Amino acid sequence: MKNIIYILLTILVTVSCSSDIEDLNENVKDPINVPGAALFTSAQKSLVDQMVSTNVNRNIFRLIMQQWTATTYTDESNYDIVTRTIPESQWDALYKDVLKDLDEAYTVINEQDVLPGEDPQVKANQLAIIEILSVYTFSTLVDTFGDIPYSEALDIENLLPKYDNDQEIYTSLITRLNNAINDLDEGSSSFPASQDNMYLGDVSKWIKFANSLKLRMGITISDVSSLSTLARTMIEEAAPNVISSNEYNATLKYLSSTPNTNPVYVDLTLSGRNDYVVTNTVVEAMQPRDYERIEDTNGDGTIDESDRETVVPGSIEYTDPRMKFYFEDNIDADPSIEQIVYLGGTPGSNNSFSNFTHISPGIGNNPTLEGILMDYSEVEFLLAEAVERGFAVGGTAEEHYNNAVTASIEYWGGTSAEASAHLALPAIAYATASGDWKEKIGNQKWIALYNRGFESWNSWKLLDFPTLPAPTDPVSETPVRYTYPIVEQTLNGDSYNAAASAIGGDAVTTRIFWDVN
């Protein structure tokens, strides 16, 4: 009997010790089950971080769109996207840091039971919001690359996913977006405010954002003849429920301390570097003059005050009121008439930081500047396009155009009076501005999308305006897509080769399916 008791005690102690030893291997700071809401919050920030970043290794769309240009390292301003493997950064950030977290968040939340007394619509709203951000992210990848992994993309067991057709992906995303909109109910809550850094859990604002995304995607495919009926349905269904003021802008709120500051603040201020100035392309679009571009007229190798004296007092047609919010330094061309001249650098050249206009401190030195995915100004420009394309969205193209310009000026701190005065100028007024509707809307939309390089790039691809001059030493034409990441060529070669062949070649000049003009 004593032996039996001894054996039992020995087993008990052994099991206990074994359990203790195994417990030592557990990382209590890395929980096995991450809450779905936490994954959603992380994905949300990763998405906005990537879209607003200006890190030359991650996001160079401001350079491609000639809103900014480099001072010393000019490769990317000359459309070199390969040296720093920039396509891979966009690919990895959106697949790994955004879509995978959203997919896991959806799975975790979907598997949670609704407890007695809980509102089941809260869970439905959360799942729908995750779907909306997933659609946004996948559409961004399509707009960047064309054919991409989609149906097999998020299966961690499949290391060699196939690439799906870009047009078929878009139509699938549209179905998913419609379903998500139908699943939202503003009568119930969604994520707690602390877990939704865009809309603080406000379902009514998510509904407006989702419909604005639907409007954008409908406009995007509207030139594709086989999708014209679908585009019309999308646009006309979405129009009554889109973002209707700056109050509803889709933005992420950043904090004043790292790592939760706006990435632009990190790249332009914390880095201690002077890598960018604004371009003469954007400066002269916002402040046209009747003389040639200011150059080194005295031949001393610099642009200084003596060169700036070539400004002709009174020659400036107008100054866009947003310049004081977009740009920093300037020169008073003629104090008696209060005219300010800004000097932009040449895209792709070595531009001395001290000689050209800088990005405003409100953008580059503001850690809490919100990151924007979509705003009221962009939506009004889309509605102006919709009217011109013959869709029934209410209002006139001129009314929506005026609303768009006004919303942009007011967002950046200008007044309604400044907006009205600006829109009254013959060069800006919709009735008298030069060009057809694509040129009028395209030029002003590009100005309004300053500091939003990717959306500006997509608009330029669709409308073909503004006209961008070639940079100093371009390695290609202005890119209309990113080439696939090099890692895809080496690790997923068969799928990559099939996709490259299907789209007509893996080149920056190969057009996305909707870019038909």
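The values are calculated or read from the model by the stated rules, or taken from the named source; none is laboratory data. Quick caveat: nothing in here was measured; it's all calculated off a predicted structure. Cβ sites come from the backbone with ideal geometry, for glycine too, and all protein chains shown count toward neighbours. Just so you know, the surface numbers come from the protein's heavy atoms only, side chains and all, with ligands and any DNA or RNA stripped out. Shrake-Rupley method; radii C 1.70, N 1.55, O 1.52, S 1.80 Å.
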Discussion item. For segment 480-510, give me each residue that is surrounded by 13 or more Cβ atoms within 10 Å (Cβ to Cβ), of a type in the set (D, E, K, R) and either touching a Gly at 6+ places or on another chain (Cβ under 6 Å) or in contact (Cβ under 8 Å) with a residue 60 or more places away in the chain (or both).
Written reply: Arg481, Glu488
Worksheet item: Name the residues in segment 344-365 that are in contact with a helix residue (DSSP H, G or I) (Cβ under 7 Å, 6 or more places away or on another chain), part of a loop (DSSP other than H, G, I, E, B) and either in contact (Cβ under 8 Å) with a residue 40 or more places away in the chain or of a type in the set (Asp, Glu) (or both), would you?
Response: Gly344, Thr346, Pro347, Gly348, Thr357, Asn365
Item to complete: Mind listing whichever residues of segment 108-146 are open to solvent by 10 Å² or more (accessible area, probe 1.4 Å), outside any helix (DSSP H, G or I) and in contact (Cβ under 8 Å) with a residue 24 or more places away in the chain?
Response: Gln112, Asp119
Worksheet, complete the sentence: Flagged in segment 159-174 as within 17 Å of Asp103 (Cα to Cα), over 21 Å from the mean Cα position of the chain (by Cα) and modelled with pLDDT of 95 or more, in numbering order, are Pro161, Ser172
Item to complete: Please give the number of the condition Gln66 fails out of (1) assigned to a helix (DSSP H, G or I); (2) buried (at least 24 other Cβ atoms within 10 Å of the Cβ).
Response: (1)
Worksheet item: For residues in segment 350-363 being under 26 Å from the mean Cα position of the chain (by Cα) and small (Gly, Ala, Ser), which is nearest to Met323 (Cα to Cα)?
Response: Ser360
Worksheet item: Looking at segment 39-51, is at least one residue within 30 Å of Met374 (Cβ to Cβ), modelled with pLDDT of 50 or more and open to solvent by 60 Å² or more (accessible area, probe 1.4 Å)?
Response: no
Worksheet item: So is Thr319 under 30 Å from Ala433 (Cβ atoms), at pLDDT 75 or above, part of a helix (DSSP H, G or I) and of a type outside the set (Lys, Arg) or not?
Response: no
Practice prompt. Quickly run through segment 69-107 and pick out the residues that are open to solvent by less than 50 Å² (accessible area, probe 1.4 Å) and assigned to a loop (DSSP other than H, G, I, E, B).
Written response: Thr71, Thr74, Tyr79, Asp80, Ile81
Discussion item. So, in segment 206-239, how many residues would count as being touching a residue at least 60 places away in the same chain (Cβ under 8 Å), within 17 Å of Met374 (Cβ to Cβ) and open to solvent by 10 Å² or more (accessible area, probe 1.4 Å)?
Written reply: 3
Worksheet, complete the sentence: The correct count of residues that are open to solvent by 10 Å² or more (accessible area, probe 1.4 Å), outside any loop (DSSP other than H, G, I, E, B) and among the polar types (S, T, N, Q) in segment 245-259 is 1
Item to complete: Name every residue in segment 366-392 that is out of contact with any strand residue (DSSP E or B) (no Cβ under 6 Å at 6 or more places or on another chain), touching a residue at least 60 places away in the same chain (Cβ under 8 Å) and buried (at least 23 other Cβ atoms within 10 Å of the Cβ), in order of residue number.
Response: Asp375, Tyr376, Ser377, Glu378, Val379, Phe381, Leu382, Leu383, Glu385, Ala386
Worksheet item: Got a sec? Which of Asn197, Asn182 is in contact with a Leu (Cβ under 6 Å, 6 or more places away or on another chain) and open to solvent by 30 Å² or more (accessible area, probe 1.4 Å)?
Response: Asn197
